[in-house]
Each structure stands twice: as C-alpha cells, then as structure tokens.
Amino acid sequence: METKNKVIMALVCLIIALNWERLVEDGRKLQAAQSNSPEVMLYSTAWCGYCDETRAILRENKTAFTEFDIEESDEAMTRFQALGGRGVPLLIIGNETIEGFDEPRLLKLIAASSNGGTQRPGSAAK
C-alpha cells in the first residue's frame, strides 16, 4: 500500500511539474482579472538594455507583469512570433501592443490602467 501511495504522489508531482508554466500563467490571469487591471506581458531577452528599462518602469510604477524570455523558452518565442514580434522589448498591455521601447506611450498606458502608477522622475507621459 505504501508503494502505491508513493507512485500516486510521484505521478501528481510529475503532472504539476509538466503543467507548472500554464498553472502559473492561469493564476496570473486570474489575479489580473480580479484586480480589474489589464494583463501586462513583456517579451524580452536577458541582454536587452531597453528590456531592462521597460522592467524598471513597470516595477517603479508597481505594475504587475509576466515576462517571457524569447531566447530561453520555445513557447515564448512561438508566442512572440505569433504576435508579429520583430524585436524586443515587445509589451502587451491589455489590448495594446508596444513594439520596442516607447517610454511616453508606456507611461500613458500605465496611467490609464487601473493599476494607477506614477511617472518616472524627470519624464512626462504624452
């Protein structure tokens, strides 16, 4: 009986591990829906300076986001290509898409979202 329980537990762990990314994404979507704020997704790479800037702005404005590294994940690359991505950062905020780094537009979309947000010191949203 003890062996059977161990096998069942191992299978449950395997199922969770294989579906972890989807489970986390579903949880983030649920959290975004409950907070009435648009879902924010950032497609990026580790080496991209403009991706770093985008991350910093999102964090400074306390904007929750999901990041997908297109060089580390085949699924992220597939989604990026399906969105017509040609370069990073590629940012999706609700129904809006920002291709490349566009600080004024990013700040405007953050301010318009229910997340509120504040502008970066020394910058103005247009």
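The values are calculated or read from the model by the stated rules, or taken from the named source; none is laboratory data. Not measured: the values here are computed from a predicted model. Positions of Cβ are generated from backbone atoms using ideal geometry, with glycine treated the same way; all protein chains shown enter the neighbour counts.
Things to note:
- Remark: pairs (first residue in region 64-93, farther than 16 Å from CYS48 by Cβ; second residue not hydrophobic (A, V, I, L, M, F, W, C); Cβ separation under 6 Å; 6+ apart in sequence or on different chains) = THR66/ARG28; ILE93/PRO38.
- Taking every residue in region 100-119 that is farther than 15 Å from GLU53 by Cα and surrounded by 14 or more Cβ atoms within 10 Å (Cβ to Cβ) and pairing it with any residue that is among the aromatic types (Phe, Trp, Tyr) and at pLDDT 95 or above, at least 6 positions away or on another chain, yields no pair with a Cβ-Cβ distance below 8 Å.
- Residue satisfying all of: in region 61-89; among the hydrophobic types (A, V, I, L, M, F, W, C) and in contact with a helix residue (DSSP H, G or I) (Cβ under 6 Å, 6 or more places away or on another chain); nearest to SER37 (Cα to Cα) among these: PHE65
- Pairs with Cβ under 8 Å, 6+ apart, first in region 5-30 and surrounded by 10 or more Cβ atoms within 10 Å (Cβ to Cβ) and at pLDDT 80 or above, second assigned to a helix (DSSP H, G or I) and not acidic (Asp, Glu): ILE16/LEU23
- Here ALA76 does not qualify as in contact with a strand residue (DSSP E or B) (Cβ under 9 Å, 6 or more places away or on another chain) and surrounded by fewer than 16 Cβ atoms within 10 Å (Cβ to Cβ).
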